[in-house]
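Chemist: I have a structure here, written as structure tokens, and I will follow up with some questions on it.
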């Protein structure tokens, strides 16, 4: 049987689950479980639903929506920063690639 420290017991909506988790990730998983549990409880309260599957699906959709929204906001902020700084990131990347290739050819010649 695998080492017990590779598993962690978490509780979501009062139900316990044992999940595989490396020891160095226990704290992060406990934080994630607490976050998901809170979201599930909020949805259960708002919808007056006691169907765990429905609550879990709605929670997953809400968390995905939040995550994707944050990613989109970050991308928009990056574009705004690039515009304000007058950067063309594609041109910068091409220049870096060109410099790397030139350095590699010089180092090979030595």
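Conditions (1) without any contact (Cβ under 8 Å) to a residue 12 or more places away in the chain; (2) closer than 30 Å to residue 89 by Cβ, marked per residue:
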| position | (1), (2) |
| --- | --- |
| 8 | no, no |
| 20 | no, no |
| 28 | yes, no |
| 32 | yes, no |
| 58 | no, no |
| 67 | yes, yes |
| 73 | yes, yes |
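Chemist: Go through the stretch 26-62 and report how many residues are part of a helix (DSSP H, G or I) and surrounded by 13 or more Cβ atoms within 10 Å (Cβ to Cβ).
Modeler: If we filter the stretch 26-62 for residues that are part of a helix (DSSP H, G or I), which is where we start, we get 26-47, 52-62.
Narrowing further to those that are surrounded by 13 or more Cβ atoms within 10 Å (Cβ to Cβ): 26, 29-30, 32-34, 36-37, 39-44, 52, 54-56, 58-60, 62.
So the answer is 22.
Bear in mind these aren't lab numbers, they're just calculated from the coordinates by the rules spelled out. All figures in this text were calculated on a predicted structure; none of them were measured in a lab. Counting neighbours? That spans all protein chains shown, and the Cβs are built from the backbone with ideal geometry, glycine included.
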